[in-house]
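The numbers here are math on the coordinates, done by the rules we state, and not lab data. Everything numeric in this text was worked out from a predicted model, so none of it was measured. Virtual Cβ from ideal backbone geometry, glycine too; neighbours counted across all protein chains shown.
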Amino acid sequence: MSETFDYVIVGAGSAGSILANRLTEDGTKSVLVLEAGRSDYPWDLLIQMPAALPFPAGKSLYDWRYETDPEPYMDGRRVKHARGKVLGGSSSINGMIYQRGNPMDYERWGGDDGMENWNFAHCLPYFKRLENTLGAESSDEYRGHDGPFTLERGPAKNPLFKAFFDSAVEAGYSRTPDVNGYRQEGFGPFDKHVHNGRRMSASRAYLRPVMNRKNLTVKTRAFVSSINFDGKKATGLTYTRNGRTHHVTAGEVILSGGAINTPQLLQLSGVGEAEHLRSLGIEPVVNLPGVGENLQDHLEAYIQYACPQPVSEQPNLNKLKMPWIGLQWIFGRKGPAATNHFEGGGFVRSNENVDYPNLMFHFLPLAVRYDGQKAEAKHGFQVHVGLCTLMRVDPSKFVPLIQKNIRVWCTTIFQLNKIVVSGWKPYELHGRLCHSLLWLHIIQVKFLLVLKFKQMMKYWIG
């Protein structure tokens, strides 16, 4: 079966959803969007209910379920890497924390040759265009106020959040009213892409509102196997759906499958380092070294603690309470299920030699794993700590490999624990940070919670 469109978009995640909306606005161009996963049905609680966020990751209905090869610096451990396989992509299964990143990262990118338009001055108008920031004052020139992506802030009212913020100030760090505003550095409530008790995914913000446009066609469970070329020009692609093969001719082919699927599809279609492709029996179309290499990501670990006072949200994980909590959400979009609970955190510099924050903390007033398993404690909380600068692998020690089978993920090794963080050596943190957040106090109930931060760091790095 053959089809023709002006544009064909591979992947209906965050980028694909926005492109589908924008490219069909004037009604003159036909657009086909192909998503390998399923639809983000309005009745699907695991997607729409914010507090259900631990459950989609690792489930084949929602997640590609990628994992690395055995990591040489983690005693052969394989690291799971969740990627959304559904309309909205990873924005339909992630933790719903909204973070732009530090403006200085964009300035650094903009300093590279040919990247001038990636500096923060060029990117800020696009952030503002997508945002409807309910937690910001209407006069705030750093935030958007009428975009399609509605963001709620906090409210971080659980007493454990106050303890967390107060302890940060006592450790010498500052408060900030908006980590996405004028000053990222500091601690305070986070923005979350949740609105009226529902996940605000890219699909909900951009794709769902325009699904009835006559010039837009969206197909789910459509698996793209190759890009078709005329010489070195992409002219279309081939995909399978419901057991049938389809060929699409398009004026432009746009790949928005994400940092893993897009380079894999390029390589399997003959775009990449020529010698490497030939070694796998793939005939090169374009010799383009770098495709499938230089993946950058940020590492995070979370540490759980028992809470000696009955102030956490842990009791809401009791299975006997879940039916009532679910009914509250189904009929009123209210209650404990109507938030992602990641309502606050902060950004800090690891030492005085770092120009801007390179560590991110977020706090959860309960102790639960991403696979939905809860801690045994009656009350608990957890602190997440991660790099908000990018970790890099050493390209001289890693040769990326791919599988010729399009349905098998390419071989990947992150070389975790061989990370390079600006301003400090691997495994070493400035003493001030090692002692920061060491004491969490709740004035109202007059008790102290001890955070063994050095233990946290030891767990984090190995």
*Multiply the residue gap between Asn196 and Ala121 by 0.36 nm, knock off their C-alpha separation, and tell me the result in nm, one decimal place.*
23.8 nm
*For Arg65 and Ala301 in one chain, what is 0.36 nm times their gap in residues minus the Cα-Cα distance, to one decimal in nm?*
83.1 nm
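Compute for segment 83-172: radius of gyration divided by Kirkwood radius, i.e. Rg/Rh, restricted to C-alpha atoms, rounded to two decimals.
Numbers: Rg = 16.7 Å, Rh = 15.9 Å.
That ratio equals 1.05.
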*asked:* Quick check: the distance between the Cα centres of segment 66-134 and segment 203-270, to the nearest angstrom?
replied: 22
*Exposure proxy ranking, count of Cβ atoms within 10 Å, fewest first, for Arg83, Arg244*: Arg244, Arg83
*Which percent of Cα-Cα pairs in segment 1-119 sits in each 5 Å bin, short to long?*
2, 10, 13, 14, 14, 17, 17, 9, 3, 1, 0, 0
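How high is the FRET efficiency from Asp26 to Thr4, r the C-beta distance, R0 25 Å, rounded to 0.05?
Rounded to the nearest 0.05, the efficiency is 0.85.
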*Convert each backbone phi in segment 284-289 into a coupling constant with the Karplus relation 6.51 cos²θ - 1.76 cosθ + 1.60 (shift: θ = phi - 60°), then list the ³J(HN,Hα) values in order as whole Hz, x for Gly and Pro.*
x, 9, 10, 7, 9, x
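Give the order of Ser39, Ser92, Ser139 when sorted by the count of other beta carbons within 10 angstrom, beginning with the fewest. Before the final figure, lay out the partial values.
Values: Ser39 17, Ser92 28, Ser139 7.
If I rank by nearby Cβ atoms, fewest first, I get Ser139, Ser39, Ser92.
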*Report the net charge of residues surrounding Lys162, where surrounding means a beta-carbon distance below 13 angstrom and charges are Lys +1, Arg +1, Asp -1, Glu -1.*
-1
*Separation in nanometres of the label points that stand 7 Å from Cα toward Cβ, at Asp230 and Leu288*: 1.9
_Taking θ = phi - 60°, what integer Hz values does the Karplus form 6.51 cos²θ - 1.76 cosθ + 1.60 yield along segment 155-166, in sequence order, with x for Gly and Pro?_
x, 6, 8, 4, x, 5, 5, 4, 4, 5, 5, 4
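Going by average Cβ density within 10 Å per residue, which order do the peptides 268-275, 375-382 take, highest to lowest?
Working: 268-275: 20.2, 375-382: 18.1.
Peptide ranking by packing, descending: 268-275, 375-382.
Order these peptides, 192-199, 297-304, by their mean beta-carbon neighbour count within 10 angstrom, highest first. It would help to have the intermediate numbers written out before the result.
Working: 192-199: 19.9, 297-304: 16.2.
Highest mean packing first, the order is 192-199, 297-304.
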*asked:* Taking the number of other C-beta atoms within 10 Å as the exposure measure, put Glu131, Glu352 in order starting with the fewest.
replied: Glu352, Glu131
*Putting +1 on Lys and Arg Cβ atoms and -1 on Asp and Glu Cβ atoms, find which of Gly236, Pro284, Asn212 reaches farthest to the positive end of the dipole of segment 163-290.*
Asn212
